[in-house]
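> Here you go, one structure.
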Amino acid sequence: MNRQVDEVTAALEITGLHKWFGQAHVLRGLDLAVQPGEKVCVLGPSGSGKSTLIRCVNGLEPYDDGRVLIQGADLAGQRRDAETARRKTGMVFQSFNLFPHLSVLENCTLAPIHVRKLKKADADARARTLLERVRIAEHASKFPAQLSGGQQQRAAIARALAMEPDIMLFDEPTSALDPEMVGEVLEVMADLARQGMTMLVVTHEMGFARQVADRVVFMDEGEIIEQGAPAEFFTAPKHERTRAFLSRIL
Amino acid sequence: MNRPRAARSPIAWVRANLFATPADAVITLALLLLLLWIVPPIARWAVIDATWTGETKAACDRGGACWAVVTARWRQMLAGFYPSNQLWRVGLAMLLLAAAVLPLAVSRWTRFILIAGPLGVAAAFAVLAGVGPLANVGTEYWGGFFLNVLIGVAGMMFSLPIGVLLALGRRSRLPVIKGLCVAFIEFVRGVPLITLLFMASVMLPLFAPAGASFDLLARALVVVTLFSSAYLAEAVRGGLQAVPESQRDAARALGLGPLRTTVLIVLPQALRISIPAIVNSFIGLFKDTTLLFVIALLDVMGVMRQALADYAWQGVDAEGYAFVGLVFFLACFGLSRWSAALERRRDRRPELERPLTEPA
């Protein structure tokens, strides 16, 4: 793939995405494009479909209608296409979801060894570099349960990065953390943003959205209500529902 | 996190636990009288007036228990009719069986049980039957308590992988696979082992092609394995259900396929969770191996019954069965304590059981 193609192809392109859970219509024809290197924060009240959106983007949740293209590869396309598409995304969960029976290092090397077929030594070396980057190198041989929530979430970020994704998806990465640990995780995420990672972040951290995001997307009841640059979004929201939401949380 | 316990004198303890209320006092005294009434006669029969050695029942003339029936045939009780000069092979086989079970005890090795278990058991069989320079010893010579251990452990280790497959099959989305697994599990769990043993020993030869002969012990092992696999499937299913769905999500998000997710992420956690249940199931299976005598295998029960049928040992049935019972009680009580300890350890430190893989 040459650079020119990269630049014209959106990192992520969602068109007309629909998702039902039984009778509940949780995503109602959603359109969203994320450019390479762009950081997009998705805000919205709980139940607005933010988490479902992000789970649809990396194939954890099948969708009923619409298209999800990751660097042009269709997530619902041919098996190989879908696999390539999924591999380009890395996911960070609200509740970390580290593998409790593996050490932090093993958490970060498992998928590289078994999916990317790296040699163990190479995978180890890469994982250690990443653990350094998220500042928990000294905990590499500990088990997840021996770490604090903030450390676990940073380990989970390193684990996702170990697969060298082009887009990082964050599903409320700080919502399960004690307040004093939120900062350290956001800091790591801000680092990542500075290094040019493409990021789609579902969050309630308005401060983070304001500082790091290139664009803020506000969702409610399965639809995108409003989006824009953070400065504009937070100071002069156009839509009634956005104003109501912001006044509740700010 | 031990609760600090106030040091108390024995008298205070007795008062608090045995004589707290008048009703307690009455119950305590009544039980004390009952013990005084029961224990001395038993002790006199079993120990004080007992005869420990002798060639026949006639040697037992002291009025107490006749343990001579056990001591006179202790070698058979232990190892059946395995050739005396080859007994070291029985010892070696026991060590191999112990090695096969080891991954259950050391949580760091739990994930190897599905492979190490069957391999260790196969090695034990090879040593016993004779490979390479070792002379062949037919299974008709195998017997005694060692046979119970062998069939118990072998049945367990061979049934564990089958049980895991059945448990996974029971959760399958494919109706045929799921249906077959459920049918097998429910059928086996609904039929007594003794029935299956009879079916294997009586009916199998009827259907087998003429001239084909199945080793009796092999038949028993197959039945015990299948029987145990149904119970283990349920034990493992409990473990599988206890692994949260979010673990599968995380594995899928990393690009691991369904097979790798199951083998690398779900099973290791599920097995560790179900180990106490697996050990409990083993205790049941081990006790059930005493049913092997009904298909004419000379396990410890078979050897004992043979001894009791001997004219020289008429009328010592009580001693014979008491001995077999005691041996199994000691083994199973030990196992059950071990299982309880595993459970406590698991519940106390759910995820930290494994020591660090490398220095920090």
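The values are calculated or read from the model by the stated rules, or taken from the named source; none is laboratory data. Note that the structure is predicted; figures quoted are calculated from it, not measured. With ideal geometry, Cβ positions are generated from the backbone for all residues, glycine too; neighbour counts draw on all protein chains shown. To get the accessible areas, we keep the full protein, side chains included, count just its heavy atoms, and leave off ligands, DNA and RNA. Shrake-Rupley method; radii C 1.70, N 1.55, O 1.52, S 1.80 Å.
> Of all the residues that make up segment B:136-171, how many are over 20 Å from B:Leu216 (Cα atoms) and not in a helix (DSSP H, G or I)?
Of all residues in segment B:136-171, those over 20 Å from B:Leu216 (Cα atoms) come to B:160-171.
If we keep only those that are not in a helix (DSSP H, G or I) too, we end up with B:171.
So the answer is 1.
> Would segment A:139-147 turn up any residue that is more than 14 Å from chain B (Cβ to nearest Cβ) and hydroxyl-bearing (Ser, Thr, Tyr)? Walk me through it before giving the result.
Narrowing segment A:139-147 to residues more than 14 Å from chain B (Cβ to nearest Cβ): none.
No, segment A:139-147 has no match at all.
> Which one of these does A:Arg154 not meet: (1) out of contact with any strand residue (DSSP E or B) (no Cβ under 9 Å at 6 or more places or on another chain); (2) within 14 Å of chain B (Cβ to nearest Cβ); (3) modelled with pLDDT of 95 or more?
The number of the failed condition is (2).
> Shifting gears a bit: Pairs under 6 Å by beta carbon, first residue assigned to a loop (DSSP other than H, G, I, E, B) in segment A:21-49, partner at pLDDT below 90, six or more apart or different chains?
Close Cβ pairs satisfying both conditions: A:Gln35/A:Ala10.
> Going by the structure shown, is A:Phe99 of a type in the set (Phe, Trp, Tyr) and touching a residue at least 60 places away in the same chain (Cβ under 8 Å)?
Details: of a type in the set (Phe, Trp, Tyr): yes; touching a residue at least 60 places away in the same chain (Cβ under 8 Å): no.
No: the conditions fail for A:Phe99.
> Is it the case that A:Val26 is away from chain B (no Cβ under 14 Å), modelled with pLDDT of 90 or more and open to solvent by less than 10 Å² (accessible area, probe 1.4 Å)? Walk me through how you get there before you give the answer.
Numbers: away from chain B (no Cβ under 14 Å): yes; modelled with pLDDT of 90 or more: yes; open to solvent by less than 10 Å² (accessible area, probe 1.4 Å): no.
The answer is no for A:Val26.
> Name the residues in segment A:50-68 that are open to solvent by less than 70 Å² (accessible area, probe 1.4 Å) and either in contact with a Leu (Cβ under 7 Å, 6 or more places away or on another chain) or in a loop (DSSP other than H, G, I, E, B) (or both), would you?
Of the residues in segment A:50-68, the ones open to solvent by less than 70 Å² (accessible area, probe 1.4 Å) are A:50-61, A:63, A:66, A:68.
Listed by number, the residues that qualify are A:Thr52, A:Leu53, A:Ile54, A:Cys56, A:Val57, A:Asn58, A:Gly59, A:Leu60, A:Glu61, A:Tyr63, A:Gly66, A:Val68.
> Report every pair of residues separated by at least 6 positions or lying on different chains whose Cβ atoms are under 9 Å apart, first residue within segment B:85-105 and within 19 Å of B:Val137 (Cα to Cα) and without any contact (Cβ under 8 Å) to a residue 60 or more places away in the chain, second among the hydroxyl-bearing types (Ser, Thr, Tyr) and open to solvent by less than 10 Å² (accessible area, probe 1.4 Å).
Once the first residue is within 19 Å of B:Val137 (Cα to Cα) and without any contact (Cβ under 8 Å) to a residue 60 or more places away in the chain and sits in segment B:85-105, its partners that are among the hydroxyl-bearing types (Ser, Thr, Tyr) and open to solvent by less than 10 Å² (accessible area, probe 1.4 Å) give B:Arg89/B:Tyr82; B:Val90/B:Tyr82.
> Can you pull out every residue in segment B:299-319 that is assigned to a helix (DSSP H, G or I) and in contact with a Phe, Trp or Tyr (Cβ under 8 Å, 6 or more places away or on another chain)?
Here is the first cut: in segment B:299-319, the ones assigned to a helix (DSSP H, G or I) are B:300-309, B:311-313, B:317-319.
Hits for segment B:299-319 are B:Val300, B:Met301, B:Gly302, B:Met304, B:Arg305, B:Ala307, B:Glu319.
> Read through the list (1) open to solvent by 70 Å² or more (accessible area, probe 1.4 Å); (2) over 19 Å from B:Phe158 (Cβ atoms), then give the number of the only condition that B:Val222 fails.
(2)
This table checks each residue for (1) within 20 Å of the chain's Cα centre (by Cα); (2) open to solvent by 20 Å² or more (accessible area, probe 1.4 Å); (3) not β-branched (Val, Ile, Thr).
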{"site": "A:Ser103", "(1), (2), (3)": "no, no, yes"}
{"site": "A:Asn107", "(1), (2), (3)": "yes, no, yes"}
{"site": "A:His114", "(1), (2), (3)": "no, yes, yes"}
{"site": "A:Lys117", "(1), (2), (3)": "no, yes, yes"}
{"site": "A:Leu131", "(1), (2), (3)": "yes, no, yes"}
{"site": "A:Val134", "(1), (2), (3)": "yes, no, no"}
{"site": "A:Ala140", "(1), (2), (3)": "no, no, yes"}
{"site": "A:Ala145", "(1), (2), (3)": "no, yes, yes"}
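> Kindly indicate whether any position in segment A:75-89 is at pLDDT below 95, assigned to a strand (DSSP E or B) and within 23 Å of A:Leu192 (Cβ to Cβ).
Residues of segment A:75-89 that are at pLDDT below 95, as a first pass: A:75-89.
Going one step further and asking which of them are assigned to a strand (DSSP E or B), we end up with A:89.
Now drop any that are not within 23 Å of A:Leu192 (Cβ to Cβ), which leaves A:89.
So far as segment A:75-89 goes, yes, one or more of its residues are at pLDDT below 95, assigned to a strand (DSSP E or B) and within 23 Å of A:Leu192 (Cβ to Cβ).
> Oh, and also: Filter segment B:255-272 down to residues that are within 11 Å of B:Ser107 (Cβ to Cβ) and open to solvent by 40 Å² or more (accessible area, probe 1.4 Å), then give me how many there are.
Applying the first criterion (within 11 Å of B:Ser107 (Cβ to Cβ)) to segment B:255-272 yields B:268, B:271-272.
Then drop every residue that is not open to solvent by 40 Å² or more (accessible area, probe 1.4 Å), which leaves none.
The number of residues fulfilling the criteria is 0.
> Please count how many residues of segment B:66-89 are surrounded by 20 or more Cβ atoms within 10 Å (Cβ to Cβ) and either within 18 Å of the chain's Cα centre (by Cα) or not aliphatic (A, V, I, L, M) (or both).
8
> With the structure loaded, tell me whether B:Phe187 is more than 14 Å from chain A (Cβ to nearest Cβ), loosely packed, with under 13 Cβ neighbours inside 10 Å, within 21 Å of B:Gly155 (Cα to Cα) and at pLDDT 90 or above or whether it fails that test. Before the answer, list the steps.
Values: more than 14 Å from chain A (Cβ to nearest Cβ): yes; loosely packed, with under 13 Cβ neighbours inside 10 Å: yes; within 21 Å of B:Gly155 (Cα to Cα): yes; at pLDDT 90 or above: yes.
For B:Phe187, the condition - more than 14 Å from chain A (Cβ to nearest Cβ), loosely packed, with under 13 Cβ neighbours inside 10 Å, within 21 Å of B:Gly155 (Cα to Cα) and at pLDDT 90 or above - is met.
> Within the group A:Glu226, A:Glu184, which residue is open to solvent by less than 30 Å² (accessible area, probe 1.4 Å) and not hydrophobic (A, V, I, L, M, F, W, C)?
Values: A:Glu184 fails: open to solvent by less than 30 Å² (accessible area, probe 1.4 Å).
After ruling out the rest, the residue left standing is A:Glu226.
> I would also like to ask the following. Taking the condition of being surrounded by fewer than 23 Cβ atoms within 10 Å (Cβ to Cβ) and at pLDDT below 90, how many residues in segment B:281-297 meet it?
4
> Could you check segment A:147-193 and list, in sequence order, the residues that are in contact (Cβ under 8 Å) with a residue 60 or more places away in the chain, among the small types (Gly, Ala, Ser) and either part of a loop (DSSP other than H, G, I, E, B) or under 24 Å from A:His101 (Cα atoms) (or both)?
Result: A:Ala156, A:Ala160, A:Ser175, A:Ala176.
> Report yes if some residue within segment A:95-116 is more than 10 Å from chain B (Cβ to nearest Cβ) and part of a loop (DSSP other than H, G, I, E, B); otherwise report no.
So far as segment A:95-116 goes, no, none of its residues is more than 10 Å from chain B (Cβ to nearest Cβ) and part of a loop (DSSP other than H, G, I, E, B).
> Mind counting the residues in segment A:61-77 that are acidic (Asp, Glu) and within 13 Å of A:Gly29 (Cβ to Cβ)? Talk me through it step by step, then tell me what you get.
So in segment A:61-77, the residues acidic (Asp, Glu) come out as A:61, A:64-65, A:74.
Filter again for within 13 Å of A:Gly29 (Cβ to Cβ), leaving A:64-65.
Result for segment A:61-77: 2.
> I would also like to ask the following. Can you find, within segment B:314-342, the residue that is farthest from B:Trp74 (Cα to Cα) among those that are touching a residue at least 24 places away in the same chain (Cβ under 8 Å) and open to solvent by 70 Å² or more (accessible area, probe 1.4 Å)?
B:Trp338
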